[in-house]
1. Only helices at least 20 Å long along their axis, Cα-based, and averaging 0.5 or more on Kyte-Doolittle count here, so list those DSSP H runs from chain A.
2. Would you work out if segment A:119-231 is rounded, prolate or oblate? Take a ≥ b ≥ c from the square roots of the eigenvalues of the alpha-carbon gyration tensor; rounded if a/c is under 1.5, else prolate when a/b is larger than b/c, oblate otherwise.
3. Please report, in whole Å³, the volume per residue of the convex hull around the C-alpha atoms of segment B:65-175.
4. Determine the shielding of peptide A:45-55 by partner chains: average, over its residues, the number of Cβ atoms on other chains within 10 angstrom of each Cβ.
5. For label points placed 7 Å from Cα toward Cβ, what is the shortest-first list of nm distances from A:Ser184 to its copies?
6. Tell me the Kirkwood hydrodynamic radius of segment A:306-362 in angstroms, computed as one over the mean inverse distance between distinct C-alpha pairs.
7. So what are the three principal axis dimensions of segment B:188-337 from its Cα atoms, in whole Å, longest to shortest?
8. With every protein chain present, what accessible area does A:Lys155 have (1.4 Å probe, heavy atoms only), rounded to the nearest 10 Å²?
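The values are calculated or read from the model by the stated rules, or taken from the named source; none is laboratory data. Values in this document were obtained by computation on a predicted structure and should not be read as measured data. All Cβ positions, glycine included, derive from the backbone under ideal geometry; neighbour counts span all protein chains shown. Heavy atoms of the whole protein, side chains included, go into the accessibility calculation; ligands, DNA and RNA do not. Shrake-Rupley method; radii C 1.70, N 1.55, O 1.52, S 1.80 Å.
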Protein chains: 2
Amino acid sequence: MTAGEQDRESLVEARIEKRRRAVPRFTDERVTMAHGAGGKASRKLVEGVFVPAFMNPALSTLGDAAVLDIGGALVAVTTDAFVVTPIRFPGGSIGELAVNGTVNDLAVSGARPLAVTASFILEEGVPADVVRAEAEAMAAAATAAGVVIVAGDTKVVERGKADQMYITTTGVGVLDERSRVSSSSVRPDDRVIVSGTIGDHGVAIMLARGGLDIEADVRSDTAPLWPAVDAVLAACGPSVRWMRDATRGGVATVLNELALAAEVSVMLDEHAVPIQPAVGAACELLGIDPLYVANEGRFVAIVAADAVEAALSAMRAVEVSAGAAVVGEVGADPPGRVLGRTAFGGHRMIDMLVGDPLPRIC
Amino acid sequence: MTAGEQDRESLVEARIEKRRRAVPRFTDERVTMAHGAGGKASRKLVEGVFVPAFMNPALSTLGDAAVLDIGGALVAVTTDAFVVTPIRFPGGSIGELAVNGTVNDLAVSGARPLAVTASFILEEGVPADVVRAEAEAMAAAATAAGVVIVAGDTKVVERGKADQMYITTTGVGVLDERSRVSSSSVRPDDRVIVSGTIGDHGVAIMLARGGLDIEADVRSDTAPLWPAVDAVLAACGPSVRWMRDATRGGVATVLNELALAAEVSVMLDEHAVPIQPAVGAACELLGIDPLYVANEGRFVAIVAADAVEAALSAMRAVEVSAGAAVVGEVGADPPGRVLGRTAFGGHRMIDMLVGDPLPRIC
């Protein structure tokens, strides 16, 4: 190692150390919509309020699912609240989302989903048929995902104290023995795969809300991801380093979370990211970057360079990830940063989502 | 068996068969507050809408927790949404309730609580200190209950679309090998124990809402029940037939659920039910029956007659159930019914809760 290399290494280490020592503080006086958007503000709320209060080894990884050793079985657990509006939209509904969102958090944690619990907060006056339709949507989604809905609860609040219904689901799964996914497994030169076109869900919701003068047939991508995860684990096992479903905050936010957690950089080939023309056009008209738009049936996988072709073939053979593409690679420097490589060879910094361009997207 | 006895037996069987065949139907057009009250209307919603949609063996027991066999480990799972108003009240707060309510559903199912997930729906504009206080209340309750909070989620909805905050918790536990609790284990001549004074939580909430001209120092009984369950299982093992925490709908509702599920009758000695004088007086002024008022740290246990003294001593030795008392016994007839024996030797029918006298109590 030359003196210059040593200097550079010390610099990088100092930077990592600083980031590690930084005590996240939550200084906002009130909760705003941005705290629910999944980006920087959400992270501050979680790291500044909930993590210090709940501190324990299982929670502190901030992964999508916690893993508990129960009598020798490695049980994965995850929870999500769903407050999407409108509750029905092209390609899905809140009930379907509530099942898929939660089983997907298990899947990308390398856990086979087994069961889901469902808790409903209903607004007084919501039509019984609306509740019935969502119960049926959840049942169908559970069947499609191969899970059972094993426990539930229902509360009712006065008219105007909710918005038709909110659903919280919790998923229980079993850690798959082929999986070694962890941000600490990620290494420079690993490749970045996205499992299909991005932004479909968020744009479908925006269009369903109406009021925009855009005519486009965009459907939510909501779908269970376990078949794709199962296929890539079967093909590549421990060469699958890390996975995350790109929900709130989109692909840009999950890559930033990875870069921070693994203390690596990520270089994204922006022109390689699959985007449906209608979604791209809608984003351009709305002035939003599709990299930050929520997906509900897409995930990002980090795979060892020598396994990337096997991973791609395995994923493309499964319907939900038929559109999988390699979109970038992991680097060493600058740690904690995501950079975009434009079609013309330039670079731009891709930061975490700030604010909330698309509230109540899931 | 005499001819008269045979006739009577056929009659009982016919009645049970009718009840069994009755397909629960949900014919209401809209959801009302009563559907969230834990009584008859809640049961109709659950049995008429959710159970038919989600039908599976784990769900169909309608117990407080589902049990999953994961790699040989018997994992108990339960979920509950909390929408109590006000969120802080004498003796507790929504955060503490959200932990205790869920670990108690595990405990009375004979499962040792291990972990809890927490999902927050926050109203835009809620002060950060209010969120912080509930995170701390949950952490303290988790420590007291011996569980870890392992996963969470936060969503934010617009001002006026929630009421400060709603919390859904899901509990994961492991079935205790000493436990054989099940409604099918309940037999005529078994005894009914309540673990302490009833109605404290519901009355504390009513008084905290103000507007009533009642001065009384009543505190919620919210507390983790596992220490009491652990003690009674250690003392009596399989002689503990069935347990249920008496939350929404109160002791009357859980006894009705038991009577229906086990196809037995329950005779309650009303004068033996422990009630704090202030709670009794408040209920009288409010015109509500304390048997229907929610508790958050009390449970009903059905115990074999020959184990009842051992059960009582074991429970009384634990702080949370120091006030345990025998309040009645199980009978054969009329199946599915709860009867109250008054101090003067009379009887009255104690039905399930109808309507919602105390909305958003938990």
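1. A:128-145
2. oblate
3. Normalising the Cα hull of segment B:65-175 by residue number yields 96 Å³.
4. 6
5. 4.5
6. It works out to 14.7 Å.
7. If we take the Cα atoms of segment B:188-337, the spans are 47, 34, 22 Å.
8. Per-residue accessible area (A:Lys155): approximately 10 Å².
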